[in-house]
1. Quote the charge dipole size of the stretch B:126-275 about the Cα centre in Debye, to the nearest 20; the model charges only the Cβ of Lys and Arg (+1) and of Asp and Glu (-1).
2. Among B:Leu36, B:Tyr67, B:Leu95, which residue has its Cα positioned farthest towards the positive end of the charge dipole of the stretch B:1-121, with +1 placed on the Cβ of Lys and Arg, -1 on the Cβ of Asp and Glu, and the dipole taken about the Cα centre?
3. Summed for both chains, how many Å² of accessible area, to the nearest 100, are buried between B and A with a 1.4 Å probe?
4. Could you give the accessible area per residue of the protein assembly as shown, probe 1.4 Å, as a whole number in Å²?
5. Report, to the nearest whole %, how much of the accessible area of the protein assembly as shown belongs to carbon and sulfur atoms, 1.4 Å probe, protein only.
6. How compact is chain B by the rule of thumb for globular proteins, expressed as Cα Rg over 2.2 N^0.38 Å?
7. Starting at 0 and stepping by 10 Å, how many percent of the alpha carbon pairs of the protein assembly as shown end up in each bin?
8. List every residue whose amide H lies under 5 Å from the amide H of B:Ile61, counting only residues 5 or more places away in sequence or on a different chain, with H placed 1.01 Å from N in the peptide plane.
2 protein chains.
Amino acid sequence: MSIIAFQGEHGAYSEIASLKYFGDKVKLSPSFSIDLVFNKVKTGKADFGVVPVENSSFGSIFETYDYLSKYDLFITGELNLQVNHYLLAEKKYKLDEIKKVYSHPQALGQSSEFLKTLKNAKIHPAYDTAGSAIISGPEKGEPVAIVASKNAAAIYGLKILKANIQNNKENYTRFLVISKKSNKQKIASPKSSICFELQNVPGSLFKALSIFALRDINLAKIESRPIPQKPFQYVFYVDLYADLSEQKIKNAINHLEEIAVSVKKFGAYETGKIFRS
Amino acid sequence: MSIIAFQGEHGAYSEIASLKYFGDKVKLSPSFSIDLVFNKVKTGKADFGVVPVENSSFGSIFETYDYLSKYDLFITGELNLQVNHYLLAEKKYKLDEIKKVYSHPQALGQSSEFLKTLKNAKIHPAYDTAGSAIISGPEKGEPVAIVASKNAAAIYGLKILKANIQNNKENYTRFLVISKKSNKQKIASPKSSICFELQNVPGSLFKALSIFALRDINLAKIESRPIPQKPFQYVFYVDLYADLSEQKIKNAINHLEEIAVSVKKFGAYETGKIFRS
């Protein structure tokens with residue numbers, strides 16, 4: 001039975017994503033941080049990891065990009081989860097009695113408009129959505145609420161004070177599946193991810209993108225992350241609608257290596273399906 | 001006397017940046033959030049705002065990008081502040097007695113390696129660096145520390161438990177100066193900022209960048225932000241080494257408007273100098 005490491009506690013969106021992707025015939029391994037998910041996969045404590053990489057309302061999850069570079073792992077899959085946030089509390093409390101709300105900064109950001117209407121409540125970022133239900137353990141009995149999934153309500157025996165509190169009803173989180181081994185399966189609708197550092201000269205990004213554009217290879221996303229040792233220089237993460245094993249893409253990567261300081265390949269995988277949480 | 005709104009409480013890095021940029025013959029207006037800084041400038045409660053936009057170790061400050069689009073304001077200047085973080089606490093405490101550390105998530109991220117060595121301390125994100133000294137008011141007398149500037153130690157009467165705790169000694173934050181009026185002064189070494197949304201068709205970003213590359217207009221930075229109503233589509237924020245009032249740049253923007261869904265111009269300003277905090 002495969003072991004799947006996911007970020008957060010039971011009831012976290014990453015756990016829901018893991019179940020949608022792998023089904024329930026797997027062993028799920030809750031992990032305090034995204035770093036720990038990568039670590040478990042790297043050290044063989046888990047076969048796969050499931051990590052959030054981007055939310056359609058709030059943007060990229062930088063940590064995941066940075067750990068992709070740090071750990072030498074492959075992306076073997078992706079999926080999109082439609083995320084519905086719920087405000088949960090102990091059964092005895094009403095909405096206007098809530099004094100504190102805990103959740104992951106991303107979940108708080110995605111629910112900011114509703115949270116602004118809670119005049120008496122202070123908002124506290126926590127390391128997780130579902131996990132904050134456990135963190136708030138010492139405050140059991142106090143008027144504390146969390147922003148979390150519907151699953152978390154069932155798991156922690158909490159009441160739904162308000163359903164679907166996200167700012168945007170079309171709110172999706174994209175997750176990556178990571179592994180020590182690259183994908184060997186046939187891919188019907190492929191995507192590939194790479195990152196590269198360019199020389200700090202004018203026009204270098206334009207030249208890098210032209211390598212793909214002139215070969216009709218389409219970009220799904222581009223993200224830049226800072227290089228701490230080189231202030232205000234960047235590593236570019238690019239997702240391509242292509243399979244790294246195609247000759248055309250191999251040629252493009254060779255071309256990129258001619259002009260880049262460095263290139264890393266994270267493998268090819270099936271373009272993610274959409275699931276409802 | 002000009003009123004300058006900055007994000008945070010007295011002693012915050014944004015206040016130090018404001019003083020470096022404007023000198024001390026201004027009235028400084030502390031503001032709880034980046035949103036409030038934009039709001040004060042928009043409603044005329046402040047003449048200028050000073051907001052962080054990027055840290056060289058930790059990356060972009062997304063909020064600032066999103067508020068640039070939301071509020072109809074101009075960028076009139078920028079500066080780079082070398083940021084040194086200090087661990088501060090009440091005078092009676094030693095380093096190994098600290099049980100909680102508060103600071104802004106960016107400051108915590110930039111000091112993560114040192115903070116990991118504090119085995120007994122829990123790390124709590126707070127809305128501000130200096131402000132967390134005030135937030136921790138109710139915990140006065142408890143073994144609480146904050147990650148903040150040297151200035152905050154003096155302002156709040158705190159002891160330096162450890163100096164220069166940032167992961168990277170070359171740690172810079174770039175700040176933008178925002179105003180209701182665009183820059184009318186002559187600019188010696190110009191930068192301009194724009195944002196644009198492109199049609200969701202293959203090669204659109206490549207075409208947009210070619211508009212600048214083919215005119216030898218150099219990019220300083222590109223950042224993408226999600227469009228919440230259009231899942232996994234992006235607005236691109238681009239900084240150019242150019243002055244929007246030059247004919248060549250006007251031509252480029254006209255060309256961009258031919259192919260883009262929308263283009264916004266945030267004005268031209270002097271390329272930022274480096275200051276030490």
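The values are calculated or read from the model by the stated rules, or taken from the named source; none is laboratory data. Since we're looking at a predicted model, the values are computed, not measured. Reconstructed Cβ throughout: ideal geometry from the backbone, glycine too, with neighbour counts over all protein chains shown. Keep in mind that these areas ignore ligands, DNA and RNA; they rest on the heavy atoms of the full protein, side chains included. Shrake-Rupley method; radii C 1.70, N 1.55, O 1.52, S 1.80 Å.
1. Values: 21 positive and 13 negative charges, 73 e Å.
Computed charge dipole of the stretch B:126-275: roughly 340 debye.
2. Sorting the options by dipole projection puts first B:Leu95.
3. On the way: alone 13620 and 13600 Å², together 24370 Å².
What B and A bury together is about 2900 Å².
4. Details: 24370 Å² over 554 residues.
On a per-residue basis, the protein assembly as shown sits at 44 Å².
5. Numbers: 12950 of 24370 Å².
Taking all protein chains in place, the protein assembly as shown shows 53 percent carbon and sulfur surface.
6. Numbers: Rg = 20.4 Å, N = 277, 2.2 N^0.38 = 18.6 Å.
The value comes to 1.09.
7. Each 10 Å bin holds this share of Cα pairs: 3, 17, 27, 28, 18, 6, 1.
8. Result for B:Ile61 returns B:Glu54, B:Asn55.
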